[in-house]
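Step one of this worksheet: look at the structure below.
The values are calculated or read from the model by the stated rules, or taken from the named source; none is laboratory data. Computed from a prediction, not measured in an experiment: that's the story for all the values here. Using ideal geometry, Cβ is built from the backbone for each residue, glycine included, and neighbour counts are taken over all protein chains shown. To get the accessible areas, we keep the full protein, side chains included, count just its heavy atoms, and leave off ligands, DNA and RNA. Shrake-Rupley method; radii C 1.70, N 1.55, O 1.52, S 1.80 Å.
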Amino acid sequence: SLDSNPEAQSLLQAMLASTEELNRVGDALARGEVEPKWWWNGEYDRDRAEESNDRGAAAFKAKRYGDAFDSFTDAIQLWPSRFVYHANRASAALKLGRYDVCASDCEEALAIQPTNLKVLIRCATALQALGRPAEASKYWRRVLAEDAGNAKGEAGLRRCCEEEATQEAKKEAEAAKSQEGSRTELPRTGVSDDWNDRLYACREMTKYEQSLSADLSVIEALIMCRRYPDALTSLRGMPESTETLYLTAEAQWRSGDVSAALAILSSMADGGCGQVRKCAELQ
């Protein structure tokens, strides 16, 4: 009888636990609380996954990193629960300079093996290359927690601290410049048709440069593409400054809400910002 077989009972309990977990994930997806993973709904096949991983390893050894990346991608889709497939694809992504993919794959691998030193180093390296030293430093600290005195970890953490200090100084300078309102005003005549291209370029830039200037460039492009609600939503989440108030007034005026734009500009004038030429001209 299976009821008296400990191995069968253990397997049954594991199956029930897996079913409950799948149900929880399904419910969370239905509520929009979890984003689906890119590899979900694959054709799970352990043998084919291993074959794909072997092809990827051979391509990686031959320095054909693009082919390796594709093969490791196939392996993940065929058997996503294996740590090594995510770790291997992260390594190929790092070689290809696809740092965002590398960081994401590292996080998936670390969810399975949280203390793997190579993957921790890989993740920290990718985040640092993305200009995210604060996040990278957390992984460098995890490297040092696993291997005190690790040369890469110490050097990486030191660079992160330097980059964070540089970013903070830049952030303060940008905030001061934003308060001055010295950015070029938005054009009202002779507007070219390339603002959609500019919006795409500005959004791509924000993936690698997290700065106030980059965020303002995106908002300017949104306004020029007549996407006023999107621009206003973005502005509401930013610290108030002469630049953000000016752009809010521009978006309001261009969307037809002249009274709201005038109210903002009047309050700016009362607050001492009336000497900013573009604000006075818009008013």
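Taking residues in the range 125-146 that are on the phi > 0 side of the Ramachandran plot, and partners anywhere that are part of a helix (DSSP H, G or I), the pairs with Cβ atoms closer than 7 Å and at least 6 places apart or on different chains are Gly131/Tyr208.
In the range 222-235, the residues that are free of Cβ contacts under 8 Å to residues at least 60 places away in the same chain reach residues that are buried (at least 18 other Cβ atoms within 10 Å of the Cβ) and among the polar types (S, T, N, Q) with C-beta atoms within less than 6 angstrom, at least six apart or across chains, in these pairs: Leu235/Thr244; Leu235/Thr248.
Assigned to a loop (DSSP other than H, G, I, E, B), more than 30 Å from Gln167 (Cβ to Cβ) and either modelled with pLDDT of 85 or more or open to solvent by 60 Å² or more (accessible area, probe 1.4 Å) (or both), is that true of Gly256? Considered against the rule, which asks whether it is assigned to a loop (DSSP other than H, G, I, E, B), more than 30 Å from Gln167 (Cβ to Cβ) and either modelled with pLDDT of 85 or more or open to solvent by 60 Å² or more (accessible area, probe 1.4 Å) (or both), Gly256 comes out as yes. None of Leu186, Leu222, Leu232 is in contact with an Asp or Glu (Cβ under 6 Å, 6 or more places away or on another chain) and either at pLDDT 85 or above or charged (D, E, K, R) (or both) except Leu222. Restricting the range 196-215 to residues that are aliphatic (A, V, I, L, M) and either buried (at least 16 other Cβ atoms within 10 Å of the Cβ) or in contact (Cβ under 8 Å) with a residue 12 or more places away in the chain (or both) leaves a set whose member that is farthest from Lys177 (Cα to Cα) is Leu199. List every residue pair whose Cβ atoms sit under 8 Å apart, with the two residues 6 or more apart in sequence or on different chains, where the first one lies in the range 34-57 and is under 20 Å from Asn23 (Cβ atoms) and the second, anywhere, is among the aromatic types (Phe, Trp, Tyr) and part of a loop (DSSP other than H, G, I, E, B). Short answer, once both residue conditions are applied: Tyr44/Trp79.
Among residues that are open to solvent by 60 Å² or more (accessible area, probe 1.4 Å) and free of Cβ contacts under 8 Å to residues at least 12 places away in the same chain, Glu164 is not included.
Rundown of residues vs (1) among the basic types (Lys, Arg); (2) under 17 Å from Ile264 (Cβ atoms), yes/no style:
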residue	(1), (2)
Lys207	yes, no
Ser211	no, no
Val218	no, no
Ile223	no, yes
Tyr228	no, yes
Leu232	no, yes
Met238	no, yes
Thr248	no, yes
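Restricting the range 131-158 to residues that are of a type outside the set (A, V, I, L, M, F, W, C) and either over 19 Å from Lys118 (Cβ atoms) or touching a strand residue (DSSP E or B) at 6+ places or on another chain (Cβ under 9 Å) (or both), the residue that is modelled with the lowest pLDDT is Gly131. Just to be sure, is Asp70 over 30 Å from Thr166 (Cβ atoms), at pLDDT 95 or above and of a type in the set (Asp, Glu)? When the stated conditions are applied, Asp70 passes them. Scanning the range 99-124 for residues that are β-branched (Val, Ile, Thr) and modelled with pLDDT of 95 or more yields Val101, Thr115, Val119, Ile121.
Of all residues assigned to the range 122-132, at least one qualifies as being open to solvent by 10 Å² or more (accessible area, probe 1.4 Å), part of a helix (DSSP H, G or I) and within 27 Å of Trp40 (Cα to Cα).
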